[in-house]
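FYI, it's all coordinate maths here, none of it is from the lab. These figures come from a predicted structure and were not determined experimentally. Cβ: placed from backbone, ideal geometry, glycine included. Neighbour counts: every protein chain shown.
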Amino acid sequence: GQAVDPFAEPERVTVAEAFQAFAGIDLLTALDERDALAAAATAAGVRVAGDDSWSDIFSRVLVERVEPRLGLGRATVLCEYPVAEAALARPKPGDPRVAERFELYACGVELANGFGELTDPAEQRRRFAAEMALKQRVYGERYPLDEEFLAALALMPPASGMALGFDRLVM
């Protein structure tokens with residue numbers, strides 16, 4: 001029952017702007033602050049469980065409050081994801097809290113995901129190590145870091161990419 005004009009210029013909205021507009025949450029002040037995001041999400045009517053991580057809460061707000069309002073009438077490019085939600089994306093120059101990541105939405109449905117590749121092996125190693133520490137804490141296990149991938153990053157030129165599912169394109 002919804003439509004999008006494929007010829008209309010897409011709107012560009014940052015994740016922080018969308019969280020403020022659709023959930024009343026100041027996301028950038030709640031970065032890496034699980035309890036602050038939990039309180040703001042609860043105030044916005046989003047259910048938060050005691051064992052939810054920051055990422056769990058972020059995802060729930062995104063799915064329940066933000067995504068259904070994107071791409072109505074014209075496509076929406078949702079950009080500048082928090083770095084914690086962009087594991088392989090490089091930080092945005094001038095604001096390392098957010099990454100060069102975007103998603104394209106039409107009628108509340110994500111059609112594509114793209115980002116500027118993080119090619120700094122030291123930063124990628126730090127991110128992978130943090131993920132494994134969380135996995136160890138939550139699940140009691142960790143996996144070895146992909147040393148070949150990390151070594152290849154040092155040789156990789158600046159790059160970006162975008163994934164568009166054929167099924168979503170056909171819809």
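Classify region 32-79 as rounded, prolate or oblate from the Cα gyration tensor: take a ≥ b ≥ c as the square roots of its eigenvalues, call it rounded if a/c is under 1.5, otherwise prolate when a/b beats b/c and oblate if not. Because a/c hits 1.5 or more and a/b exceeds b/c, region 32-79 counts as prolate. Loop-located trypsin sites (Lys or Arg not before Pro) in region 1-89 (DSSP state not H, G, I, E or B) with no more than 10 neighbouring Cβ atoms inside 10 Å: 47. Quote the FRET efficiency, to the nearest 0.05, computed for residue 63 versus residue 150 with a Förster distance R0 of 30 Å and r equal to the Cβ-Cβ distance. With R0 = 30 Å, the Cβ-Cβ based efficiency is 0.40. Contact order for the chain, expressed relative to its length and based on alpha carbon pairs under 8 Å spaced 6+ residues apart, stands at 20 percent.
For the modelled label position 7 Å from the Cα of residue 8 along Cα-to-Cβ, which residues of region 64-79 have backbone nitrogen atoms closer than 12 Å? The answer is 70-76. Residues of the chain were split at every exposed loop site, defined as GluC sites (Glu not before Pro) in a DSSP loop with at most 16 other C-beta atoms within 10 angstrom, and the longest piece left, sites excluded, is 34-140.
With θ taken as phi - 60° and the Karplus curve 6.51 cos²θ - 1.76 cosθ + 1.60 applied, the whole-hertz 3J(HN,Hα) list for region 93-110 is x, x, 8, x, 6, 10, 10, 7, 10, 9, 9, 9, 10, 9, 6, x, 10, 6 Hz, x standing for glycine and proline. Kirkwood Rh over Cα pairs of region 1-109 into Stokes-Einstein at 4 °C, 1.567 mPa s: D in µm²/s? Diffusion coefficient, whole number: 91 µm²/s. Between residue 29 and residue 143, full extension at 0.36 nm per residue minus the direct alpha carbon distance yields a gain of 37.9 nm. Only helical runs count toward this figure. For the chain, summing -39,500 (n - 2.57) over DSSP H runs of n ≥ 4 and dividing by all residues gives -10000 deg cm²/dmol at 222 nm.
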